[in-house]
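Structure first, then comments.
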Amino acid sequence: MSDLVIVGNGPAAVAAIERFRSLDSRSRVTLVSKEEVPFYSPCPLAEYVEGSVARERLFLRPASFYDDHGVEFLAGATAVGLDRGALVISRAGAVRSIAWHKLLVATGAVAARPPIEGLEGTAGVFALKTLSDAEGIIALSQRARRAVVIGSGFIGLEAAQALRRLGLDVTLIEALDQVLPQMLDVDLAEIVRSRLEANGVKVLCSALVRAIESEHGAVRAVRLDTGVIAADLVVIATGVRPDLRWLAGSGIATDQGILVDASMATSVPGVWAAGDVAQAPAWDGRHRLIPTWPNAVSMGSIAGVSMAGGDTRHGGTDIVNVVRVFGMAVASFGERGNGESHDFAGAGARRRVLIRDGRISNGQFIGDISGSGALLEMMRKGVDVSRLGDKIARPGVGPAWSMPRPPKPGRHAA
Amino acid sequence: MQKAIFTLMERCVACKSCEIACAVAHSKSGKVATAQFEEPLPRSRVRITSAGAYSFASRCVHCEEAACIAACPTGAMHREGRTGVVAVDEDLCIGCWMCVVTCPFGAVTADPGTAKALKCDLCAARGAAGLGPACVDACPTGAMVYATPDELAGMRRFATAMASVGVVDGVEESVALWRNLKGGRSI
Ligand SMILES: Cc1cc2nc3c(=O)[nH]c(=O)nc-3n(C[C@H](O)[C@H](O)[C@H](O)COP(=O)(O)OP(=O)(O)OC[C@H]3O[C@@H](n4cnc5c(N)ncnc54)[C@H](O)[C@@H]3O)c2cc1C
Ligand code: SF4
Ligand code: SF4
């Protein structure tokens with residue numbers, strides 16, 4: 001019997017442990033992790049693939065982390081079922097159950113597998129989600145010559161860029177009519193597309209992948225509606241989603257992810273959820289699934305406090321994304337397509353801020369992303385910016401307007 | 001208690017002396033005459049921004065609950081144990097810019113030259129030599145004050161007292177007077 005069982009070993013789990021232990025040093029804590037390796041950051045995986053970040057840099061805590069925090073670490077143990085009081089795990093082929101008093105689900109998300117013929121079981125087809133995915137790509141990239149990346153979200157772009165830098169011939173395929181469809185309006189996406197093409201990535205938009213063709217079990221080509229592209233390495237980057245199958249029958253309310261309130265509590269007493277798996281109230285109060293690192297850390301911290309008996313609320317998760325496209329920074333926040341757009345164009349920079357009912361609803365930045373965090377803060381606070389007009393998109397405007405208003409100049413007491 | 005930089009917005013005349021001083025303080029040579037020819041060009045970590053009739057030097061306020069630290073996926077953005085300063089470990093930084101897009105004060109710059117996050121470090125190097133932040137010392141109007149919250153409160157009380165007996169007029173003059181009494185520029 002463990003007082004607290006944590007399922008998952010990503011940033012949400014680690015933030016929860018650190019916060020929980022700062023408040024509770026007595027409870028017995030067990031952590032169950034599907035992967036064998038200790039906690040690592042997935043965010044620099046593309047840099048690891050291209051060789052600019054060394055493997056040991058991915059591990060953000062010392063090897064003694066689990067011992068230091070009094071956590072029993074069950075590596076290579078996959079949670080396969082849950083009911084009141086018992087977590088069923090599978091480890092090295094053996095299935096057993098662990099009794100729990102409190103439980104945190106922090107299992108993150110898995111790479112989506114689109115229904116493409118020949119995708120399953122073909123060697124040379126990878127996601128870029130876990131360390132083992134990255135290691136598979138690295139091993140094959142040493143003899144592969146032609147890569148196809150399916151999906152042009154930020155992970156697809158990072159994969160394409162890393163493989164290009166390794167000297168492979170890279171084709172990026174997107175089903176919609178633009179790259180970065182979640183982050184950018186179509187005209188701004190054109191700038192990103194040109195940047196990719198200028199750096200040798202072939203970009204095919206409005207292209208539907210029909211099948212992965214193989215030879216002796218290994219990928220040979222990718223078949224589209226419009227033709228066939230030879231490939232000996234394929235990266236699937238069509239988004240991530242939580243895997244909730246093992247929670248069937250647990251009674252935990254789910255939608256796209258596990259539904260939690262602002263304290264990260266699920267519908268079942270004694271069970272909390274945090275990170276990519278959790279669908280929590282966002283800045284606008286709506287329950288949203290927003291799989292980012294900052295959200296995972298902040299949700300994990302809140303869960304840690306809640307599980308230690310503290311009373312705390314998350315201020316709302318954010319949609320914030322940033323990616324570098326061959327050195328060019330591209331960032332966005334909020335939801336696009338909803339409001340009146342204000343633009344700024346400068347040397348090597350394009351900035352767009354959408355205003356709806358006097359308030360910021362979305363920001364898109366290329367080349368100059370400075371101050372974007374301040375504009376995001378103004379969106380969260382609902383600051384009325386209507387009188388600023390197009391100025392809102394200028395670099396340097398954000399920080400000043402997110403500050404408290406100073407007193408009027410002239411005579412005043414201190 | 002730790003010292004912080006406090007801003008008296010009403011004093012700022014947007015002369016950008018702080019920006020220059022910051023870039024020079026973080027340059028290789030540390031001298032204005034040579035810093036401007038360095039490659040890469042030293043960059044300032046404070047930026048004069050304006051809000052209507054006001055301007056002020058916007059920079060990191062070294063938050064207690066720092067959004068940039070929570071957002072950093074490499075451990076590069078961290079809090080210095082001894083000083084409480086929020087700083088970037090350039091060896092760990094991969095230039096992913098998560099800190100830039102999450103800092104509510106717009107205080108982190110994405111430096112395209114080095115591809116490393118750039119922010120105020122409260123002049124760690126000068127601090128080691130017993131000096132205060134370069135921007136504070138360079139400000140000709142005293143728009144920034146480097147003090148602990150207690151010192152600032154004391155200064156405010158002093159200012160109110162001075163103003164009430166008519167010795168000086170308002171906060172700006174009293175800060176200047178307080179400084180002169182303390183005999184130094186960075187308090
Ligand atoms: C290549 C890449 C780049 C990224 N770049 C960025 C970026 O620049 N900025 C950003 O904000 N975000 C980025 N992200 C997203 C970010 O990494 C995630 O949002 C974050 O890691 C989510 O944390 P988490 O703790 O919820 O889950 P994860 O980090 O996914 O961890 C989940 C953990 O649960 C374990 N697990 C899963 N299922 C089970 C099970 N059934 N039983 C036991 N254990 C299980 C896994 O082994 C893993 O340890 C990136 C992701 C990738 C893949
Ligand atoms: S960089 Fe921004 S978020 Fe980080 S400590 Fe400074 S002001 Fe706070
Ligand atoms: S740019 Fe550097 S310091 Fe900022 S979040 Fe990324 S790795 Fe951390």
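The values are calculated or read from the model by the stated rules, or taken from the named source; none is laboratory data. On a predicted model such as this, the values are computed, not experimentally measured, just so you know. Methodologically, a virtual Cβ is constructed for each residue, glycine included, from the backbone with ideal geometry; neighbour enumeration extends over all protein chains shown.
A few notes on this one:
- Of all residues in region A:1-34, those satisfying the criterion of being over 17 Å from A:V80 (Cβ atoms), buried (at least 20 other Cβ atoms within 10 Å of the Cβ) and out of contact with any Leu (no Cβ under 6 Å at 6 or more places or on another chain) are A:S2, A:L4, A:G10, A:P11, A:A12, A:A13, A:V14, A:A15, A:I17, A:R19, A:F20.
- Residue list for region B:1-36, filter: surrounded by 14 or more Cβ atoms within 10 Å (Cβ to Cβ), in a helix (DSSP H, G or I) and polar (S, T, N, Q): B:S17
- Residue in region A:232-249 that is closer than 22 Å to A:G275 by Cβ, modelled with pLDDT of 95 or more and of a type in the set (K, R) present: yes
- Residues of region A:393-414 satisfying the condition of being at pLDDT 70 or above, buried (at least 23 other Cβ atoms within 10 Å of the Cβ) and not small (G, A, S): A:V397
- Here B:E65 meets each of (1) touching a residue at least 12 places away in the same chain (Cβ under 8 Å); (2) within 14 Å of chain A (Cβ to nearest Cβ) with one exception, condition (1).
- Residue ID - farthest from the chain's Cα centre (by Cα), chosen from residues in region A:181-192 that are outside any loop (DSSP other than H, G, I, E, B) and crowded, with 21+ Cβ neighbours inside 10 Å: A:L188
- Residues (surrounded by fewer than 24 Cβ atoms within 10 Å (Cβ to Cβ), away from chain B (no Cβ under 11 Å) and part of a helix (DSSP H, G or I)) located in region A:292-336: A:V305
- Some residue of region A:1-20 being among the charged types (D, E, K, R) and at pLDDT below 95: yes
- In region A:370-383, the residues that are under 15 Å from A:S332 (Cβ atoms) reach residues that are among the acidic types (D, E) and crowded, with 19+ Cβ neighbours inside 10 Å with C-beta atoms within less than 7 angstrom, at least six apart or across chains, in these pairs: A:L376/A:D318.
Conditions (1) in a strand (DSSP E or B); (2) in the same structural domain as A:R146 (by TED's automatic domain parsing); (3) among the hydroxyl-bearing types (S, T, Y), marked per residue:
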{"site": "A:S214", "(1), (2), (3)": "yes, yes, yes"}
{"site": "A:A221", "(1), (2), (3)": "yes, yes, no"}
{"site": "A:G249", "(1), (2), (3)": "no, no, no"}
{"site": "A:D261", "(1), (2), (3)": "no, no, no"}
{"site": "A:W272", "(1), (2), (3)": "yes, no, no"}
{"site": "A:G275", "(1), (2), (3)": "no, no, no"}
{"site": "A:Q279", "(1), (2), (3)": "yes, no, no"}
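- Unique residue being in contact (Cβ under 8 Å) with a residue 40 or more places away in the chain, in contact with a Phe, Trp or Tyr (Cβ under 6 Å, 6 or more places away or on another chain) and not aliphatic (A, V, I, L, M) when the list is A:F73, A:F59: A:F73
- Being surrounded by 21 or more Cβ atoms within 10 Å (Cβ to Cβ), in the same structural domain as A:I252 (by TED's automatic domain parsing), aliphatic (A, V, I, L, M) and at pLDDT 95 or above is a property that does not hold for A:A94.
- Considering residues of region B:63-73 that are touching a helix residue (DSSP H, G or I) at 6+ places or on another chain (Cβ under 7 Å) and of a type outside the set (G, A, S) only, the residue farthest from ligand 1 (Cβ to nearest atom): B:C68
- Hits in region A:230-247 - residues which are in contact (Cβ under 8 Å) with a residue 40 or more places away in the chain and either among the aliphatic types (A, V, I, L, M) or not in a loop (DSSP other than H, G, I, E, B) (or both): A:A230, A:A231, A:L233, A:V234, A:V235, A:I236, A:A237, A:V240, A:R241, A:W246, A:L247
- Sole residue being part of a helix (DSSP H, G or I), in the same structural domain as A:G249 (by TED's automatic domain parsing) and in contact with a helix residue (DSSP H, G or I) (Cβ under 9 Å, 6 or more places away or on another chain), chosen from A:V49, A:V37: A:V49
- Looking only at region B:108-125, and only at residues there that are within 14 Å of another protein chain (Cβ to nearest Cβ) and either exposed (fewer than 15 other Cβ atoms within 10 Å of the Cβ) or touching a residue at least 60 places away in the same chain (Cβ under 8 Å) (or both), the one that is farthest from ligand 1 (Cβ to nearest atom): B:C120
- Of all residues assigned to region B:70-79, at least one qualifies as being without any contact (Cβ under 8 Å) to a residue 24 or more places away in the chain and away from chain A (no Cβ under 11 Å).
- Listed by position, the strands (runs of 3 or more DSSP E) enclosed by region B:53-98 that each have at least 3 residues that are assigned by TED's automatic domain parsing to the domain that holds B:C139 and within 13 Å of ligand 2 (Cβ to nearest atom) are B:77-79, B:86-88.
- The set of residues in region B:114-128 that are within 13 Å of ligand 3 (Cβ to nearest atom), part of a loop (DSSP other than H, G, I, E, B) and either under 14 Å from the mean Cα position of the chain (by Cα) or at pLDDT below 85 (or both) comprises B:K119, B:D121.
- Screening the candidates A:N338, A:N295, A:N362 for the property of being in contact with a strand residue (DSSP E or B) (Cβ under 7 Å, 6 or more places away or on another chain) and modelled with pLDDT under 95 yields one hit, A:N338.
- Residue identified as closer than 19 Å to B:V61 by Cα, away from ligand 2 (no atom under 16 Å from the Cβ) and surrounded by fewer than 21 Cβ atoms within 10 Å (Cβ to Cβ) among B:A161, B:A153, B:A134, B:A128: B:A153
- Residue count, region A:193-229 (criterion: surrounded by 12 or more Cβ atoms within 10 Å (Cβ to Cβ), over 30 Å from A:V330 (Cα atoms) and not charged (D, E, K, R)): 7
- Among the candidates B:V145, B:V136, B:V101, residue that is more than 14 Å from every other protein chain (Cβ to nearest Cβ) and either in a helix (DSSP H, G or I) or in contact with a strand residue (DSSP E or B) (Cβ under 6 Å, 6 or more places away or on another chain) (or both): B:V136
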